[in-house]
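**Q** One structure, pasted below without further comment.
The values are calculated or read from the model by the stated rules, or taken from the named source; none is laboratory data. Quick caveat: nothing in here was measured; it's all calculated off a predicted structure. Heads up, the Cβs are rebuilt from the backbone with ideal geometry, glycines too, and the neighbour counts pull from every protein chain shown. Accessible surface areas use protein heavy atoms only, side chains included; no ligands, DNA or RNA. Shrake-Rupley method; radii C 1.70, N 1.55, O 1.52, S 1.80 Å.
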Amino acid sequence: MSNKINNRSEIFPLKKVMVHSPDGGIGNVPAHKLHDWLYDDILDVKATQLEYRTFQATLMLFLSPGLLFKGGSFAFDKESNLRKNKAGKKFLQTNPEKLDHYMAEAGVDASGVVDTQFLLQQLIQTKQIAARDLVISIASIERLHPERRDDLLHMLAAAANDYQFAVELVKTLLTGKLEYKADKKGKVHRRDEDDIRFIFPPIPNFIFTRDIGVTIGDHILITKPKYDIRGREVRLCRFIAENLLLEKQKEKIIAVSEDDDYFQLEEKIQPEHRVSYEGGDIMMISDRHVLIGCSERTSPYAIQKIVHRLFWENIKTGNPDGIDIVSVIKIGEKRSQMHIDTVFTHIREDVWVLHSPLSEVWKEQQSIESWRSKNYNDELQHKSASQIEREKGVGIFQFCLSKEGKKLKKQYKAAKTDKQRRAIKVKFRKLDFLLRTDAKGLKYKKSDCHYKQRPKGVHDLLTQISVKEFGVSSASKVKFALSGRGVPPFDSREQWTDACNLLTLRPGVSVGYDRNYRTALHFNEIMKGEPVSANKDFVAFIVERNIERFRDTRDSNGKEMDLNHLIHASDLIRFIAVNKMDEVKTKRLIKGIKNAIIMIPSNELSRARGGSHCMTMPLERANSL
């Protein structure tokens with residue numbers, strides 16, 4: 001791989017993304033382990049994989065359409081089924097365990113959609129020393145019996161000469177299912193059916209690659225999940241980063257952890273110093289600005305360390321000072337909103353999707369329109385202003401790289417001895433980057449930053465980002481598609497099924513779940529009048545299909561509207577197949593799509609509790625809009 005990591009925004013055109021196709025481990029989750037393994041329901045593996053295949057095909061259409069036209073024919077038929085040749089071989093193989101997987105034929109560099117399972121299989125065979133360390137590490141954290149560890153090591157050794165053993169070893173590392181053993185001479189044999197066993201839990205959450213690694217500029221931040229069940233995922237992600245993605249630039253792999261003396265702290269204060277953070281809480285929102293969620297999964301102490309680390313590293317982002325602004329959004333510890341990417345995502349310079357209860361503007365409107373009488377609870381319970389602020393459940397805190405911080409970074413570069421460099425690092429760690437407000441709690445006291453006052457809430461913060469960092473002319477021009485149209489109880493119902501968790505492919509074009517139709521309708525409403533495609537036949541086809549697909553085609557005021565900004569992935573595939581479009585015409589069609597949500601099937605996928613944003617780790621985006 002060309003070792004190119006480049007991510008400067010959530011909305012710049014996507015070029016390459018890393019995903020993990022649902023593996024058999026999802027089918028190994030027993031009902032009594034759902035909570036422990038961070039699932040809320042039992043998924044049907046086959047149905048999940050079929051829905052995911054449509055998602056994967058959508059990504060390929062936008063990032064690597066050539067992969068879908070092997071031999072000159074489109075890989076899908078009009079029913080979104082994979083076509084086969086006369087010999088019964090699929091035109092597109094998406095199962096990474098198969099030798100004819102699309103990445104095996106196209107190569108990693110030519111694939112805009114790279115699969116972790118395929119990468120692991122390749123690395124297991126070619127990076128034997130590093131792979132041995134990986135296997136021993138996993139055996140240790142999973143507390144494997146020495147004999148089971150040796151079985152894995154013998155499979156690794158056999159993989160050097162036989163790729164099939166690399167496939168089988170990776171399958172075991174993902175699902176926990178051990179189907180092979182080594183004899184006394186070290187030769188690997190398949191176990192008898194009644195001797196096949198599970199040696200550790202599967203990692204069904206690996207489908208959410210965003211949580212375990214975040215690309216920030218030309219660096220990768222490897223995460224430290226709150227729950228131990230995700231520890232194996234992190235090791236696998238680091239293995240890929242160190243041996244492929246940034247093999248020759250390992251200094252660009254970032255991670256933070258507890259302080260070295262954490263073990264010496266009293267047990268009662270250890271929780272305050274616990275470090276946990278997941279990628280769904282970290283967004284590279286612009287070329288200088290990172291958003292971090294303080295949530296159920298990401299701890300305050302982790303945020304403190306990440307802020308200082310991002311400011312310290314020389315991250316190439318296009319901004320001369322790299323990352324110089326970090327905004328922390330405290331959203332409360334709720335399962336329904338475990339990360340900030342479950343409550344909002346950026347779609348276009350001036351467009352966001354937002355969970356309505358997190359919008360202070362929506363709340364104020366609800367208060368005005370409510371039939372309830374004035375609430376005096378706060379006054380009657382003698383609540384202080386600070387207590388009322390804490391109970392809001394949402395808070396915004398901003399950090400800015402100060403002039404003193406920039407000065408110390410320059411001094412560090414010029415320092416000639418290790419002692420000088422250590423002293424400068426210590427000084428930098430002690431700097432206070434938090435922007436503090438005046439007595440009224442509005443304007444910042446001292447700020448080297450272009451943010452001069454504290455945002456009133458999430459709605460205001462996102463609006464300011466659009467205006468200050470993406471050149472939107474005024475706050476009134478910023479648009480918000482609200483979860484469930486902002487109507488209870490549909491807002492919370494659709495947020496639960498990840499209505500606000502979308503992947504932006506390029507400005508204005510994103511991927512989301514089809515079951516969140518009220519949120520989709522609101523997006524269609526706020527985009528009314530904006531172009532979708534110059535292909536009139538395609539637009540007419542989409543509008544006609546949506547009449548059949550949606551129960552209601554009216555806007556918030558009850559007026560009928562054309563649903564031309566909502567394109568179901570199955571309809572997109574159907575249009576290409578029915579019209580027998582070749583690769584050139586398909587590329588032209590895809591390139592011309594604007595201002596639309598590409599909706600993917602989600603009856604099963606949504607039950608895993610993560611959307612298209614969670615299921616993708618962008619590796620490379622364009623440098624600008």
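**Q** How much of the accessible area of segment 289-334, probe 1.4 Å, is carbon plus sulfur, in whole percent?
**A** Values: 680 of 1450 Å².
Ligands and nucleic acids excluded, carbon and sulfur give 47 percent.
**Q** Provide the gained length on full extension for the span residue 540 to residue 422, in nm with one decimal, where the gain is 0.36 nm per separating residue minus the Cα-Cα distance.
**A** Working: separation 118, 0.36 × 118 = 42.48 nm, distance 6.48 nm.
Length gained, residue 540 through residue 422: 36.0 nm.
**Q** So, one more: If DNA, RNA and ligands are ignored and the probe is 1.4 Å, what is the ranking of 248, 177 by accessible area, most exposed first? Present the calculation step by step, with values, prior to reporting the outcome.
**A** Working: 248 170, 177 75 Å².
Per-residue accessible area, sorted high to low, gives 248, 177.
**Q** Placing +1 on the Cβ of each Lys and Arg and -1 on the Cβ of each Asp and Glu in segment 556-624, which of 581, 601, 615 has its Cα farthest towards the positive end of the resulting dipole?
**A** It is 581, whose Cα lies furthest towards the positive end.
**Q** In Å², and per residue, what accessible area does segment 447-565 have when probed at 1.4 Å with the other protein chains present?
**A** Counting only protein heavy atoms, the per-residue value for segment 447-565 is 45 Å².
**Q** Could you compute how much accessible surface residue 37 exposes when probed at 1.4 Å, giving the result in Å² to the nearest 10?
**A** Using a 1.4 Å probe on the heavy atoms, I get roughly 30 Å².
**Q** Considering only Cα-Cα distances, which of the following residue pairs are longer than 30 Å: 226/443; 528/585; 334/456?
**A** Working: 226/443 35 Å; 528/585 27 Å; 334/456 22 Å.
Going by Cα-Cα distance, 226/443 fall outside the 30 Å limit.
**Q** What is the Cα centroid distance between segment 577-625 and segment 477-554, reported in whole angstrom?
**A** That distance is 14 Å.
**Q** Roughly how far apart, in whole Å, are the Cα centres of segment 187-212 and segment 73-104?
**A** 25 Å
**Q** Further question: Which value, in Å² and to the nearest 10, is the accessible area of residue 265 when all protein chains are kept and the probe is 1.4 Å?
**A** Spelled out: residue 265, probe radius 1.4 Å, area about 50 Å².
**Q** At 222 nm, what helix-only mean residue ellipticity would the chain give, in deg cm²/dmol to the nearest 500, using -39500 (n - 2.57) for each DSSP H run of four or more? Walk me through the numbers before you get to the answer.
**A** On the way: 19 runs with 207 residues, N = 625.
Mean residue ellipticity at 222 nm (helix-derived): -10000 deg cm²/dmol.
**Q** If ligands, DNA and RNA are left out, what is the accessible area of residue 581 with a 1.4 Å probe, given in Å² to the nearest 10?
**A** Rounded to the nearest 10, that gives 20 Å².
**Q** Loop-only trypsin sites (Lys or Arg not before Pro) in segment 476-541, please: DSSP not H, G, I, E or B, and at most 15 other Cβ atoms within 10 Å. Spell out each step's value before the answer.
**A** Details: sites: 477, 479, 485, 493, 515, 518, 528, 536; in loops: 515, 528.
Of the trypsin sites (Lys or Arg not before Pro), the ones in loops of segment 476-541 whose Cβ has at most 15 other Cβ atoms within 10 Å are 528.
**Q** Could you check how much of the accessible area of segment 7-67 is carbon and sulfur, as a whole percent, using a 1.4 Å probe? Write out the running numbers ahead of the final one.
**A** Details: 1050 of 2020 Å².
Carbon plus sulfur share of accessible area: 52 percent.
**Q** Here is a further query. Tell me which cysteines of the chain come out unpaired when the rule is another cysteine's Cβ under 4.7 Å.
**A** For the chain, the answer is 237, 294, 500, 614, because their Cβ atoms have no other cysteine Cβ under 4.7 Å.
**Q** Sorted by accessible area with a 1.4 angstrom probe, largest first, how do 140, 9 fall?
**A** Numbers: 140 80, 9 0 Å².
Sorted by accessible area, descending: 140, 9.
**Q** Hey, another quick one. When the expected Rg is taken as 2.2 N^0.38 Å, what fraction or multiple of it is the alpha-carbon Rg of the chain?
**A** Normalised Cα radius of gyration, the chain: 0.99.
**Q** Using only the Cα atoms of segment 79-194, construct the convex hull and provide its projected area averaged over every direction, in square nanometres to one decimal. Don't jump to the answer; show the numbers that get you there.
**A** Numbers: hull surface 39.5 nm².
Averaging across all directions leaves 9.9 nm² for the Cα convex hull.
**Q** For segment 1-55, with every protein chain kept in place, what is the accessible area per residue (1.4 Å probe, Å²)? Mind showing how you got there, number by number?
**A** On the way: 2140 Å² over 55 residues.
Here the per-residue accessible area is 39 Å².
**Q** May I pose another question? At a 1.4 Å probe, what is the % contribution of carbon and sulfur to the accessible area of segment 491-625? Before the final figure, lay out each step's value.
**A** Working: 2450 of 5410 Å².
Summing carbon and sulfur atoms, their accessible area is 45 percent of the total for segment 491-625.
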